[in-house]
1. Enter the mean projected area of the convex hull around the alpha-carbon atoms of the range A:185-278, in nm², rounded to one decimal.
2. Roughly how many Å is it from the Cα centre of the range A:356-387 to that of the range B:218-260, as a whole number?
3. Could you give the spread of the C-alpha atoms of the range A:394-576 along their three principal axes, from largest to smallest, in whole angstroms?
4. To one decimal in nm, how far is A:LYS443 from the same spot in the other copies, if labels go 7 Å from Cα toward Cβ? Please give the shortest first.
5. Could you pull out every residue, at least 5 positions away or on a different chain, whose amide H is within less than 5 Å of the one on A:ILE564? Hs are placed 1.01 Å off N in the peptide plane, and Pro or chain starts have none.
6. Hull surface divided by four, with the convex hull built on the Cα atoms of the range B:84-135: how many nm²?
7. For label points placed 7 Å from Cα toward Cβ, what is the shortest-first list of nm distances from A:LYS531 to its copies?
8. Sorting A:LYS60, A:LYS80 on the 10 Å Cβ count, fewest up front, what's the list?
Number of protein chains: 2
Amino acid sequence: MQIEERLKELKDKINEKVPRGINVTQVEFEGPELVIYTDDPKRFADEADLIRILARDLRKRIVVRPTILEDPEKAHGEIKSVVPETAGITDIFFDADTGEVLIEAEKPGVVIGKNGATLREITKHIGWTPKVVRTPPIESSTVKQVRQYLRSVNEDRKQFLRTIGRRIHRDLPARGDETARKDQWARVTTLGCCREVGRAAFLLSTPDSKVLIDCGEKPDNAGATPYIYVPEIYPLSSLDAVVLTHAHLDHCALVPLLYKYGYEGPVYSTPPTRDLSAMLQLDYLDVINKEGRKVPYSSNEVKTYIKHSVTLNYGSVTDIAPDIKLTFHNAGHILGSAIAHFHLGDGMYNIAFTGDFNYAKSRLFNPAINQFPRLEALFMESTYGGSNDFQQARADCEGMLYDTINRVLQRGGKVIIPAFSVGRSQEVMLALEEGMRTNKIPKVKIYLDGMIREATAIHTTYPEYLNTDLRNQIFREGMNPFLAECFQQVDSQDLREKVIGGDPCVIISTSGMLNGGPVMEYLMNLAQDEKNALVFVGYQADGTYGRRIQKGWREVPMGRKGTITINLEIVTVDGFSGHSDRRQLMNYIGQISPRPEKIFCIHGDENNTIDLASSIYKRYHIETHSPMNLETYRMV
Amino acid sequence: MQIEERLKELKDKINEKVPRGINVTQVEFEGPELVIYTDDPKRFADEADLIRILARDLRKRIVVRPTILEDPEKAHGEIKSVVPETAGITDIFFDADTGEVLIEAEKPGVVIGKNGATLREITKHIGWTPKVVRTPPIESSTVKQVRQYLRSVNEDRKQFLRTIGRRIHRDLPARGDETARKDQWARVTTLGCCREVGRAAFLLSTPDSKVLIDCGEKPDNAGATPYIYVPEIYPLSSLDAVVLTHAHLDHCALVPLLYKYGYEGPVYSTPPTRDLSAMLQLDYLDVINKEGRKVPYSSNEVKTYIKHSVTLNYGSVTDIAPDIKLTFHNAGHILGSAIAHFHLGDGMYNIAFTGDFNYAKSRLFNPAINQFPRLEALFMESTYGGSNDFQQARADCEGMLYDTINRVLQRGGKVIIPAFSVGRSQEVMLALEEGMRTNKIPKVKIYLDGMIREATAIHTTYPEYLNTDLRNQIFREGMNPFLAECFQQVDSQDLREKVIGGDPCVIISTSGMLNGGPVMEYLMNLAQDEKNALVFVGYQADGTYGRRIQKGWREVPMGRKGTITINLEIVTVDGFSGHSDRRQLMNYIGQISPRPEKIFCIHGDENNTIDLASSIYKRYHIETHSPMNLETYRMV
Ligand SMILES: [Zn+2]
Ligand SMILES: [Zn+2]
Ligand SMILES: [Zn+2]
Ligand SMILES: [Zn+2]
Ligand SMILES: [Zn+2]
C-alpha cells in the first residue's frame, strides 16, 4: 500500500531530525494532521522549534502525542487528586483528536502551579497534554453536550480521522505528459446564494478533489435548498470536504442533510462555529417542528455532523485534499466567522470565500482580515452592495436606538428587537448595557427570548475569538456586561405572557427576520398597539415577514395564523449589522492584498450583486462577475 | 403504468378525428414519433391534411403504418415481380423505422407507373409505403453497409425505438408550487471546443433532461478528448440524447466512445451525417491503427452507434426529451451539416448551436439558415472570427488555385491539396473540373486518395441536401462533374507510388490538416522538391502539422518517421473553406432573426473567439461570451 510506504518514509525523515534519545514510535495521518507518537512527548515539546521545523520541512500540520494515553476516566481522577480543590475545576475535557486535556478552572493559576509545577506533575502522570483555561463566566449547555457527545464517540472518531487522513494524503494519479498537465483546472459551481441572500453553497473542484463551501437554508419559509441534487456534486460521497464559514443558518442549516444523503467526510470550521451551528441547527428543527412544517433531517444528523466535524483555528494552514490547503481568517461577522482561503495545487491558484464579513471594528470583533499570502479569485458577500447601502456610523446608530427606546418607553410602549441569536443580539445587548450604565436610557428590563442567552454563553467560552477590550471586560470581576442585571432570559410561556402583558420594556428575540421563532408571538400580541415599536437591527431578506413589514405592509397574512395588523412604530437602525456596508465593501477591495484577478459578487439581492460587481470593475479594473445559481466558472 | 394511459388517451383522440371506417389498431411511441397503426394506411394517406392536423393538434410527429407489414424478404420478391425489369431497380431498402420501402431505380418513372398505377399495386400487396428514388450515379459502399446492417438489427432496433419513445414521452415530476416553478432552469456546460478548434462537446441540461451536442476529437494527435469524464455528465446513461451537427471528426469522432462508456440512448443527426460519420469514424480508427497509436474504440462501437442513430431531415420539429424539441436547419458547411435548434420547456427558452456553418453560397450548398421561430441564445462557431480573417471571394480564390496549378504544372511539379474527404474535396473537385472543362487549367490527372471518392458517392446518394444547380448537373446524363474522367481514385500502394514518381498532376488527399492519412506519404516524398506545391484549402488547427508548415516551419519533426525538410512551395487558398469568414459571421448576426439575447463564441482560437465576441457586443449590443472549457452557463 502506497500510503504505508509514505508513512514509513516520513517516520524515517522525522527520526533523522529529532535529537537522539527521543523515540518516535509511530507516524499516522489523522484528519488533516500528521501525528507523531512518542514515548516522550514532554522532551519533544521542550525542544524549542522542533515541531515548527518539522512542520515546515514536511509541509504538514504536526501533532505530537504520547504513545500511550491514559484512560480518560482514570486520568480524570488523577488530575482531581493532583490539583488543589481551591483551583475550582469546573470541567475536564479529553480531546482525543489532539491528545490534549482541557482543564477548565475558576483559578487557572492554581492548576498551573508555581512555575508550572502542578502542570508538569499532571503530564507525568497521564500522558495527555494539559491545557488550562478559565471557566467561562456563563455556562453553555451546547458546549457541554458537544464535548460529552464527542467523548462518547471517541473510538469511531479516531477511525474516522484515520480514514480521512489517508484520503487527504492519497496519491494523485500520475500526470506525466503534456496533455495531462494541460488538464489542470479549478472550477467553482454556484449551488445557491447567487443574486439572492440565503442557501449558500459553492462547489470548488479540481480534477482530483471536490470541496463544498457552506450549505445553508433560504430564509423565505418556502423550503428552497441549495441545488445539491445536480450532477456536479453527485454522489455526495465523492466530496472530499465541507467547509463552513460561519454558523448562521443561511450558511450551515443544511449541513446535517448532507449526511442523510450520503456524505461521509469531514466538516471543517472554527471551534465556535461548530458549537453555534449545532445549537442553531437544533433550534431550526425545533422552530420548523413547532410550525408543523416537515423537518429536513433529525437531531441524529446533527450528531453525525458533530462527529465528523474538524475544527481549525484562524491562521492554521491545513491540507483538506491532496491538492487543496485551507486557511481560516477572521471575518469579523459573528463569533468564529471565517474567510475561507484555499490554496490549490502546487502554487497553481488561490481563491477565498469571504462568507459574511464585517470590515468595521464592532463591539465584539476585530475587522475582517484582508491580507493574504496569495489570492487570485475572491467570492465576496454583497448583502449591502447596492449603491445606496450606506450604514450609519456605529455611534449614530446607537444614538438612534437610544432615542427610539426613550421615546417608546416614555409613551408607555414596548420595544421589540428581532435579532439573530448569534451576533446581532450580543451587539445590541452590549450597546444597551452601556446605555443604561451611562444613563442614556432608563433602566428597564431587557428580555431575551430564543437562543440568545445560550449563544452568549458560547461567546464567553471562546474569549480568544472576541476583540481584546471585550475579552478583558468579560473576565473582570463584576464587569461582564453580558451578566448585567438588566437582562432577563424568558424561558417559559408563562413569563412570555407576563412580558407581553407587563410594563414597558425591551424585548430582544429570535428569529432576526421574523421567519418563525418566539419573536412571532410578541409581534402577534404587540403589533396592534401604536405605542409599541418594532426595531430592525439586521438585514431582512426577500420573502421574509421582516422584509414585508419593513417595506411598509400594514396587513400581513401569516398563513394559518391569520393576518396581523401592523400599527406599532417601525424603525430600522442599520449600523448594527455584522455586514460591511457599501463603502466598506469597496474599501475592502481597495485595501486587499494582493489584489485578486477575479471577483465574484454573491450573497446579495440581484441588484446589489450586479451593482457592486460593476462598481468594483469600474473603480479597480478587476474582472468581476455577478453569477447566477447553477453556473460553473473556470478559475484556471 | 402512466404511459399506457396516455397512449390510450391519444388513441381515443385520434379515433375521434379520423373519418368513419378507418380503423386505428394501435398507437405507440417509437423513437421521437407517435406511430399510428392502421389496417388502412392508404385511405389514411388519401385524407388530405389528416396527418398534418393530427400532428398539429397532438403536437407530435405522426407516422402512419399498416398494422401488418409483410416480411421484407417476401415483399422484396413481390416488388420485383410487379415492377417491369426496364425500371432498373438497383436497391430495395425496407426502413422498419418508418414503414417505408425505399426503391432505388435507374428509371423511377417506370416504378411509379402511369398515374402511379404500379406504385398503388405495390402498396396493395405489401403494406409498406413505397418511396421511389433515382439510383445514385456513384454507388456508396458505406450507405450500402449501413442499410444492410440496420436491416440485420431490425428487431433490436424496434425495441430500442419503443424504449426511447417511452423515455421521451415520460411524465415529468409534478411541479406544483411556486418554489418548484422557480426551479426551472436551462444550462449549458462546455466540455470542449472553447477557445480552441476541436473536441466539440456541449451539454445542455434542464432539471429533467440532459442532451449532449457533438463529441469530437481534437486534431492535434495528442489524444485529448472532450471532458466527458466530469460529474456533470455522469453516468452517461443519464443522457437523454446525443445530437450531432455534422460528420467532421472534430464533432463526431468520439460518439462511438460514448457507447463504450455506458451511453445507451439515441444519436440524432441528418441521414447524410449518419453515413458520413460512420465512414469517417472507421477511417479514423484505420489511420490511428496504421500509426500504431491506441484506438479509443473499435468498429463494434461504430456499429452500436449506427444501431442507435435516429435521422431527422431539416425542418422537422422533434421531441427528443420530455421538455426538449430539436429541429435541424441547413448549415451550408458540408453534406448534411446542421444548425441544431432546441426549444425548451413550454416556450421557456430557445437555443441554437450552429455547429460549423457557411453563410455564403458554395458550389455544393445553399447558405446557412438564420431565420428561427424563436431564439434566445446562440452558440456559434468562430473559426474565422479574428478581426483579420477575411476570405477571398470565391472567384478570386478559384483564380488563385488555377494560377497556382498552372505555375506548378508548367515547371513540371505536382500539386498536393490536403483536404477533408468531406466537403473541401468536393468543392475543389468541382472547381477543378470546371477549370479543365473551360480550359483555365491543363487537363492533367487529378488523383483522389483517402475516402474522397466514397464521400463523393454519399453526396450523390442525398441529392436533396445539395443546392439545386448541382443536383440538376449530377442527374443530367454525362454531366455529373464528379464522374469527369480527369478524376482517378488511388486505391493501392502501387498506384500511390506511381503517382509520386509519375508525371505532373494534382493530388487531393486526406487528412485535411496533415494529421495522418495518405497525404502524409505524398508529403514525405514530394516535400523536398521545390518544383512541387502544397496548397492549403481549409482551416489548419493549432497543434497540427498543417498549421506548423503553414506558419513557415521548414524542418518538421514527425515523431518516429523522422524529420521532413520542406522545400516545396506553400500556398494558402482560403476561399474554399466551408466556414463563414469574419465578415460573414458578423453579417449572420446582423441578419439573424429573431436576434438572440446571448451569443457564445466557440470553435475558434482563443484570440478569435474573444475578438468575435467583443466585436458582436460592440456592433450589436448583444451580451456575448467567449467561454472556457468546463464552464457552465445558466440560460434561464
Ligand atoms: Zn451571516
Ligand atoms: Zn449569510
Ligand atoms: Zn461572464
Ligand atoms: Zn466541420
Ligand atoms: Zn468543426
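1. 6.0 nm²
2. 42 Å
3. Extents along the principal axes, in whole Å: 48, 35, 31.
4. Output for A:LYS443: 12.1 nm, nearest copy listed first.
5. Here A:VAL556, A:MET558 satisfy the definition.
6. Result: 3.2 nm².
7. Result, one decimal in nm: 11.5.
8. Sorted ascending by nearby Cβ count, the order is A:LYS80, A:LYS60.
None of the figures in this text is laboratory data; all of them are computed from the coordinates on show. All values derive from a computational prediction rather than experimental measurement. All Cβ positions, glycine included, derive from the backbone under ideal geometry; neighbour counts span all protein chains shown.
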